[in-house]
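These notes are about the structure you will find just below.
The values are calculated or read from the model by the stated rules, or taken from the named source; none is laboratory data. Here the structure is a predicted model, which is why all the values come from computation and not from measurement. Note that we place each Cβ from the backbone using ideal geometry, even for glycine, and neighbour counts take in every protein chain shown. Just so you know, the surface numbers come from the protein's heavy atoms only, side chains and all, with ligands and any DNA or RNA stripped out. Shrake-Rupley method; radii C 1.70, N 1.55, O 1.52, S 1.80 Å.
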Amino acid sequence: MILGITGHKGILGKSIINYIKKYEKNRYTISLYKSDVLNLENFEKWIEKVDIILHLAAVTSINDVNKNKKYAEKVNYNSVKFLTKKLKSYNSRKKLIFISSSHVYSSSEKKISEVSRINPLTYYGKLKLKSEKEIQKYLTNYLIIRLFSYYSPSQSKDFLIPSIIDKIKKLKGNKIKLKNYNNIRDISSIEYITKQLCSIISKKNNGIINCGSGNGVTLEDLALKIAYNKFNKKIEVDKRLKSKKPSQIICNNYKLIKITGIKTRDNLLQYI
């Protein structure tokens with residue numbers, strides 16, 4: 001079985017590849033797509049040679065997406081559109097595993113399941129939803145994984161936890177400015193996400209699956225814990241930056257755990 005992976009140079013791609021090589025090397029032969037997904041000629045030739053495609057290639061930073069929306073659309077949507085139409089010609093003999101995002105959802109007082117209300121508020125989320133619809137329209141042998149937030153020490157400061165760490169590191173005094181600090185998010189360690197994703201890939205399930213820890217934390221609590229655990233520092237947030245309508249995005253991972261059987265609770269802070 002040949003597992004093809006796009007976006008292998010990204011943080012998540014590297015983590016998945018290392019995990020498979022360490023724990024599941026007898027299950028797959030890995031084929032890495034080393035060209036640009038916008039090079040359609042090379043992309044098409046590579047698609048012909050693999051059995052399962054894990055499509056990770058994407059512009060993932062919200063800032064980068066917003067800075068160049070045309071390019072983001074080409075990478076995050078047009079590549080999926082091309083891939084989907086190409087796979088359709090194989091009559092379900094090849095499987096597509098597409099990494100989508102919790103950005104297709106909106107805030108919810110309850111944990112978000114696969115059938116929760118869809119309402120992307122970011123352009124990044126809108127592109128993911130467009131891609132999902134393209135896949136569902138043309139393919140039957142697919143898996144859409146809606147990935148909730150995760151943390152890796154290798155992430156840039158464009159991402160939530162690295163930005164908080166940087167703020168605390170540069171903080172003069174003990175009061176941090178953290179916009180919408182009462183928002184609640186589901187954030188996993190990359191180790192937890194990788195383990196769950198690799199288990200999902202090995203299964204024969206199709207459809208849509210949420211992937212997250214199932215735990216929510218306010219940005220305030222997250223900052224206080226990071227400050228204490230990483231810098232042995234007690235801080236407080238600037239209360240003037242409180243959101244009047246705090247948002248909550250927490251994964252209902254019941255379906256995920258039922259499929260993978262991985263019930264271990266993720267302890268994000270031990271990785272920070």
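What to note about this one:
- The condition of being basic (Lys, Arg), open to solvent by 30 Å² or more (accessible area, probe 1.4 Å) and not in a helix (DSSP H, G or I) holds for only one of Lys137, Lys157, that being Lys157.
- Among the conditions (1) hydroxyl-bearing (Ser, Thr, Tyr); (2) open to solvent by 30 Å² or more (accessible area, probe 1.4 Å); (3) touching a strand residue (DSSP E or B) at 6+ places or on another chain (Cβ under 8 Å), the only one that Ser35 does not satisfy is (3).
- Against the test of being under 22 Å from Asn182 (Cβ atoms) and in contact with a helix residue (DSSP H, G or I) (Cβ under 6 Å, 6 or more places away or on another chain), the options Ile235, Ile250 yield a single qualifying residue, Ile235.
- Considered as a group, the residues in the stretch 164-192 that are among the basic types (Lys, Arg) and over 22 Å from Asn252 (Cα atoms) include one that is least open to solvent (accessible area, probe 1.4 Å), and that residue is Lys167.
- Of the residues making up the stretch 107-128, those that are open to solvent by less than 30 Å² (accessible area, probe 1.4 Å) and free of Cβ contacts under 8 Å to residues at least 40 places away in the same chain are Pro120, Gly125.
- Boolean, Leu83 is buried (at least 20 other Cβ atoms within 10 Å of the Cβ) and in contact (Cβ under 8 Å) with a residue 60 or more places away in the chain: no
- Residue within the stretch 63-74 that is within 21 Å of Pro153 (Cα to Cα), outside any strand (DSSP E or B) and open to solvent by less than 10 Å² (accessible area, probe 1.4 Å) present: no
- The set of residues in the stretch 53-91 being in contact with a strand residue (DSSP E or B) (Cβ under 6 Å, 6 or more places away or on another chain) and over 19 Å from Lys9 (Cβ atoms) consists of Leu87 alone.
- Criterion violated by Ala58 - all others in (1) open to solvent by 20 Å² or more (accessible area, probe 1.4 Å); (2) free of Cβ contacts under 8 Å to residues at least 24 places away in the same chain satisfied: (2)
- With respect to the stated conditions, Gly207 is open to solvent by 10 Å² or more (accessible area, probe 1.4 Å), under 18 Å from the mean Cα position of the chain (by Cα) and more than 29 Å from Asp238 (Cα to Cα).
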